[in-house]
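Engineer: Handing you this structure, nothing more for now.
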Amino acid sequence: MTSLDRLKREIRQILAGSSVPEDPLHAENTVEWVKRIYPKADEGLLLAALAHDIERAIAEKKVKRSDFSNYDKFKEAHATNSARIVQEIMTLHGINNEFSNDVQQLVRLHEKGGNFRADILRDADALSFFEINLPFYFEREGYDNTLKRCLWGYKRISPKNRELLKMIEFRDKNISEIIKLIQRLPFRETSS
Ligand SMILES: [Fe+2]
């Protein structure tokens, strides 16, 4: 087993312990979306996809929504915290080089994007929210908050990849209503 395999095994073990039940599925599914969007994805990008939300799985380290004045600031702190934790784990596994710097930077950028590979990760994460997290989110948060979260998530996706949402089947009546609603809204195209 290589050190990269051991690292992935530890990340999966941490994710399996998350109090957020959809976390392990969402991590694996984000990896799948990265491959769908960009079949030539490298190991660093795939590892960043697997680990991008890791802080959420560690109760004593995770950032709390209630500590932030707005959702974007909360998400930025979440990404920075995950990046720091990923870097720590990689160091413990003896991976402390260009590769680990690249992975932690991708994790840090996963909410906003900012370069070719970080944009792929952001889009994959956003699409996976719709495919995996949405029913769980709806159950916890209800219709209005889910609509807001979906709008926020849809705007995150590059316009060219928003079409990919059509690949996802939404069985719940309320959720498919929300999806139809956001797809009908005109958006200013601010991201690439
Ligand atoms: Fe995520």
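Engineer: In deg cm²/dmol and to the nearest 500, what is the mean residue ellipticity at 222 nm of the chain if only DSSP H runs of at least 4 residues count, each as -39500 (n - 2.57), divided by the residue total?
Structural biologist: After summing the helix terms and dividing by the residues of the chain, the value is -20500 deg cm²/dmol.
Engineer: How big is D for the chain, in µm² s⁻¹ as a whole number, if Stokes-Einstein is applied with the Kirkwood radius of its Cα pairs at 25 °C and 0.890 mPa s?
Structural biologist: Details: Rh = 17.0 Å.
For these conditions, the coefficient is 145 µm²/s.
Engineer: Let me ask something else about it. Each residue of region 164-175 in turn: what ³J(HN,Hα) in whole Hz from Karplus with 6.51, -1.76, 1.60 and θ = phi - 60°, glycine and Pro shown as x?
Structural biologist: Couplings: 5, 4, 5, 6, 9, 9, 10, 8, 5, 4, 4, 5 Hz.
Engineer: How high is the relative contact order of region 3-184, in percent, counting Cα pairs under 8 Å that sit 6 or more residues apart?
Structural biologist: 21 percent
Engineer: Hey, another quick one. Filter Lys8/Lys35; Lys40/Lys155; Lys148/Lys173; Lys73/Lys148; Lys73/Lys155 down to the pairs with a C-alpha to C-alpha distance above 19 Å, please.
Structural biologist: Values: Lys8/Lys35 17 Å; Lys40/Lys155 25 Å; Lys148/Lys173 17 Å; Lys73/Lys148 16 Å; Lys73/Lys155 16 Å.
Checking Cα-Cα distances, Lys40/Lys155 exceed 19 Å.
Engineer: If we count every other residue with Cβ under 11 angstrom of Ala118's Cβ, Lys/Arg +1 and Asp/Glu -1, where does the sum land?
Structural biologist: -1
Engineer: Roughly how many Å is it from the Cα centre of region 1-48 to that of region 90-127, as a whole number?
Structural biologist: Computed from Cα coordinates, the inter-centre distance equals 12 Å.
Engineer: While we're looking at this one, here's another question. Between Lys35 and Glu88, what FRET efficiency follows from the Cβ-Cβ distance if R0 is 25 Å, with the result rounded to 0.05?
Structural biologist: For Lys35 and Glu88, the calculated efficiency is 0.40.
Engineer: Which whole-Hz ³J(HN,Hα) couplings does region 62-67 yield from phi under the Karplus relation 6.51 cos²θ - 1.76 cosθ + 1.60, θ = phi - 60°, glycine and proline marked x?
Structural biologist: Whole-Hz 3J(HN,Hα) from phi for region 62-67: 5, 7, 10, 3, 5, 8.
Engineer: Continuing with the same structure: Using only Cα atoms and rounding to the nearest 10 degrees, what angle (0 to 90) does helix 116-128 make with the longest principal axis of the chain?
Structural biologist: Tilt relative to the chain: about 60 degrees.
All of the numbers you see were taken from the coordinates with simple rules; none came from a lab. In this text, all values refer to a predicted model and were calculated from it rather than measured experimentally. Virtual Cβ from ideal backbone geometry, glycine too; neighbours counted across all protein chains shown.
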